[in-house]
Structure formats: C-alpha cells, structure tokens
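Values in this text are rule-based calculations from the coordinates and carry no lab data. Note that the coordinates shown come from a computational prediction; the quantities given were computed from them, not determined experimentally. Cβ placement follows ideal geometry from the backbone for every residue including glycine, while neighbour counts extend to all protein chains displayed.
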Amino acid sequence: MRQPLVAGNWKMNGSTDSITALVDGIKAGIDAVTTAEMVVCPPYVYIPQVAAMLQGSAVSYGAQDVSDQESGAFTGEVAPGMLADIGCKYAIVGHSERRSLYGENDAFTARKFAAARKAGLVPVLCVGELLEEREEGITEQVVARQLDAVISLEGIAALGAAVIAYEPVWAIGTGKTASPEQAQEVHAFIRGKLAGFDRAVADKVRILYGGSMNAGNAAQLLSMPDIDGGLIGGASLKPADFLAIGVAANA
Ligand code: 13P
C-alpha cells in the first residue's frame with residue numbers, strides 16, 4: 001500500500017505572522033489526519049521558521065524548487081545540500097510555473113531532480129499538459145516526454161525513490177479541477193509507463209494530483225486507484241482546508 005501524501009505548495013505567499021498562524025493551525029488539527037503524510041513547502045526564507053515550529057510534529061517540510069548545482073558562484077540559487085542541511089525532506093522540481101514563467105525545460109528539470117536526489121532529498125517531479133496540448137490530444141505525449149527526460153538521466157530506479165505530481169496546467173489556480181476520471185486516466189498512464197520499465201517502481205511511486213484540489217473535491221479525487229495524494233496550492237494556505245484534504249485521505 002502506498003501511504004497517501006498531501007503536500008502544500010505555498011508558492012510566493014506569506015509573512016512571518018501569517019505563516020505562524022498557518023503552522024499553528026495545522027498543528028492544532030493534525031491529529032484528525034490518521035493516514036496521510038502531510039508536507040508543507042514554504043518560500044525558502046521561511047523554511048527555518050517553519051522547521052522550528054514543526055519540531056516534534058508529524059508534518060514534514062520541503063522546498064518549492066532547488067538548484068541543479070551543488071555550490072559556488074550561482075547568484076540567487078539555493079543548493080540541494082543547503083535544503084537537506086536545514087531538514088527539508090522534499091524538493092519540488094519542474095513545477096509548471098517554473099517551466100512556463102522561468103523557461104525551465106525538461107533537461108534542466110531532470111538535472112534538478114538528480115541534484116536533489118544526490119543531496120538526499122526526495123524530488124517531487126511535476127508533470128502536466130497545457131490546455132492547448134490537452135485540446136490537441138497530446139497529453140500523454142507531453143507527460144511521457146517530461147518523464148523520459150528524468151528516466152534517461154537518472155534511470156528508472158530513481159523514480160521509485162521520488163514522488164510524481166500530475167498537475168494539468170489548465171487546472172492550476174483556475175478553480176477548474178480535472179474530473180476524477182480525467183486525472184485517473186493520466187495517473188494510470190504514468191504508472192503504466194513506469195511499469196513498462198520496472199513494475200516494482202511503478203507500484204511503489206506515489207503519484208499526486210495537483211490543480212485546484214480543495215476540501216470539497218479531494219475525497220473523490222483521492223478515491224481513484226492511482227491518485228496517491230495531492231499537491232495543493234491555494235487551499236494549503238488555509239489550515240482548515242489543508243487539514244480537510246488530509247482527512248479525506250484517511251483510510
Ligand atoms: P492550486 O491548488 O492553487 O490550483 O495550485 C496547484 C499547484 O500548482 C500546486 O503545486
């Protein structure tokens with residue numbers, strides 16, 4: 001059985017005060033989440049604050065991005081070893097906002113994936129198609145290409161120790177969620193593709209859905225056989241909503 005994983009991607013939101021309230025709220029209600037692993041991904045600068053607040057709690061934390069480089073003259077970058085050093089467990093790589101707004105391509109994303117793994121972080125590899133790609137009927141080709149970039153650099157076994165997040169770009173921040181069937185179809189495609197390389201890896205890897213998942217639609221999405229959790233944007237900024245998604249994953 002794959003343990004469900006519910007991760008909050010806070011994106012570029014928050015302040016010392018609002019994050020204090022958010023983490024306090026999550027901690028206060030976390031006992032209601034009995035099955036899922038809960039993770040928060042704050043903006044870099046707030047990770048130490050969140051780490052201190054989460055000490056002794058079951059909630060883990062990660063980063064929203066990571067450098068592909070280990071150290072050196074890379075102004076503005078944050079190395080995977082630094083994130084591991086401050087206790088991060090996860091690092092998101094290849095989020096669609098990185099891909100579309102900052103021009104990060106498949107090869108660069110694969111290098112970030114590799115660097116994160118090398119530092120002992122668990123990469124959360126985001127994949128997903130644009131609206132026009134879905135309309136063109138090439139969703140599977142796009143997702144396959146995004147996965148192949150990582151598989152060819154790192155090998156299939158590396159995926160077994162990672163997390164994949166399927167985030168259809170047209171569903172992110174739009175309030176337009178993929179239907180459980182639409183999401184399941186792509187999740188099953190991803191798992192099937194991995195199984196073509198290695199059945200054990202395919203059975204083990206957790207595939208999260210992301211894109212306007214909220215307290216109201218989480219249970220249905222999470223009931224699908226290949227949806228192992230969620231990568232949550234907007235709803236992860238409200239403790240009650242984030243917790244409700246965690247509760248929806250209770251066994
Ligand atoms: P929303 O939940 O706000 O649609 O964001 C999803 C997302 O991009 C998580 O990484």
| Estimated Rh, segment 1-93: Kirkwood, alpha-carbon pairs, angstrom | 14.0 Å
| field | Of every Cα-Cα pair in segment 195-251, the percent that sits beyond 15 Å | value | 48 percent
| 14 Å Cα-Cα reach of residue 193 towards aspartates and glutamates, excluding residues that sit fewer than 8 places from it in its own chain | 140, 148, 185, 203, 226
| message | Quick check on the exposure proxy: order 132, 97 from fewest to most C-beta atoms within 10 angstrom. | response | 132, 97
| Proximal lysines to residue 11, defined as alpha-carbon separation beneath 27 angstrom and excluding residues fewer than eight positions away on the same chain | 27, 89, 112, 118, 176, 238
| For 190, 227, 232, what ranking results if the residue with the fewest other Cβ atoms within 10 Å of its Cβ goes first? | 190, 227, 232
| note | Going fewest to most other Cβ atoms within 10 Å around each Cβ, 99, 199 line up as 199, 99
| query | Please report, for the Cα atoms of segment 1-157, the Rg to one decimal and the Dmax as a whole number; what are they, in angstrom? | reply | 16.6, 48
| How much length is gained on full extension from residue 2 to residue 35, taking 0.36 nm per residue of separation minus their Cα-Cα distance? | 10.8 nm
| message | With unit charges on the beta carbons (Lys and Arg positive, Asp and Glu negative) and the dipole taken about the Cα centre of segment 54-197, which residue among 149, 173, 83 sits farthest to the positive side? | response | 83
| said: Expected output is a single nm value to one decimal: the length gained when fully extending between residue 250 and residue 203, i.e. 0.36 nm times separation in residues minus the C-alpha distance. What is it? | reply: 14.9 nm
